[in-house]
1. Please go through the range 164-187 and pick out each residue that is surrounded by 17 or more Cβ atoms within 10 Å (Cβ to Cβ) and either over 23 Å from Leu75 (Cβ atoms) or of a type outside the set (A, V, I, L, M) (or both).
2. So the check is Cβ under 7 Å with 6+ separation or different chains; which pairs have a first residue in the range 259-272 that's under 16 Å from Leu75 (Cβ atoms) and a second one that's outside any helix (DSSP H, G or I) and among the basic types (Lys, Arg)?
3. Looking at Val249, Val216, which one is modelled with pLDDT of 95 or more, β-branched (Val, Ile, Thr) and buried (at least 22 other Cβ atoms within 10 Å of the Cβ)?
4. From the list Leu108, Leu85, Leu75, which one is open to solvent by less than 10 Å² (accessible area, probe 1.4 Å) and touching a Cys at 6+ places or on another chain (Cβ under 7 Å)?
5. Within the bounds of the range 134-155, is there any residue that is in a loop (DSSP other than H, G, I, E, B), open to solvent by 20 Å² or more (accessible area, probe 1.4 Å), under 21 Å from Trp173 (Cβ atoms) and at pLDDT below 95?
6. Checking Asp202 against (1) modelled with pLDDT of 95 or more; (2) over 16 Å from the mean Cα position of the chain (by Cα); (3) in a loop (DSSP other than H, G, I, E, B), which test does it fail?
7. So, in the range 223-241, of the ones that are of a type in the set (A, V, I, L, M) and buried (at least 21 other Cβ atoms within 10 Å of the Cβ), which residue ends up nearest to Ser137 (Cα to Cα)?
Amino acid sequence: MAERKDSDVGSDAGRDAGGGVGKHVGRDADRGVGRDADRGVGREAGRGVGREAGSDVGVLAGAVTGVMFDFSGTLFRVEPTEDWLRAIVADAGIDLPEAELIACAALLEEAGALPGGASPRRLPARLEPLWRERDLSPAQHRAAYTALAREVPLPSAELADALYERHRVPAAWRPYPDTAATLAALRERGVPVAVVSNIGWDLRPVFRAHGVDRFVDAYVLSFEHGVQKPDPRLFRIACEALGAAPADVLMVGDDAVADAGAAALGCPVRLVEHLPSRSGRTD
């Protein structure tokens, strides 16, 4: 999303246990927005975004002719806030005691300073206009998130820009365990895929670095079009890129407002839970 967000459900076990997008999306032909695991994308207990997609993803071929995916919280998750801060502190050569690092990371998370992480718990009034339009351009995106980082007493003032730069590198992102299998299964069955994201920078290098770019047919990024989800125009651009009518293109995302905007075009929408990033995990 927006890239927000790390709002979570349960634990990673719910996603890693199996099932998912390929197995449950498109099982019925109804339109609109669904979150029930048996009707659409389910990431509740025992479900993933496509952990065992290969087994039943064939149902997609008869239900839809294209699939749109959100980026953050759907296909990829950003690194935990502590890891994000730790990487920058190390690069800067700052000797920060672990307790202080953990405390600072907690403040950054509360401030919503990590793109793809938690939304601000209390957004300063002066930043509200910028926050609402942060995904319309690279400049606005950077300005919004560095401003939030500066709300926190950082070990060094220069770290706000360094933290922003860190979140854009492929190493800061991890595909969910079921992402590659889901995308590969869709490709095998000839179902084209578009990534539709509210974002202020080019995420294509992230997909290339993690070996899944070959499964994506189109990237429709808000900053490249000057339009943010839930504006239907962004979804229409994606449908046109896929060469399919909106009613035949499924939108899969984790935001009940932004991603559900595709329903205004007549696209079926399936919502997944945005699972957390966790320190020490390798997936």
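The values are calculated or read from the model by the stated rules, or taken from the named source; none is laboratory data. Since we're looking at a predicted model, the values are computed, not measured. So basically every Cβ, Gly included, is an ideal-geometry build from the backbone, and we count neighbours across all protein chains shown. Ligands, DNA and RNA are excluded from the accessible area calculation, which covers all protein heavy atoms including side chains. Shrake-Rupley method; radii C 1.70, N 1.55, O 1.52, S 1.80 Å.
1. Listed by number, the residues that qualify are Tyr164, Arg166, His167, Arg168, Trp173, Arg174, Pro175, Tyr176, Pro177, Asp178, Thr179, Thr182.
2. Asp259/Lys229; Leu271/Arg35; Val272/Arg43
3. Only one candidate passes the filter, namely Val249.
4. Answer to the selection: Leu85.
5. no
6. Among (1) modelled with pLDDT of 95 or more; (2) over 16 Å from the mean Cα position of the chain (by Cα); (3) in a loop (DSSP other than H, G, I, E, B), the lone unmet condition for Asp202 is (2).
7. Per the stated criteria, the residue is Leu234.
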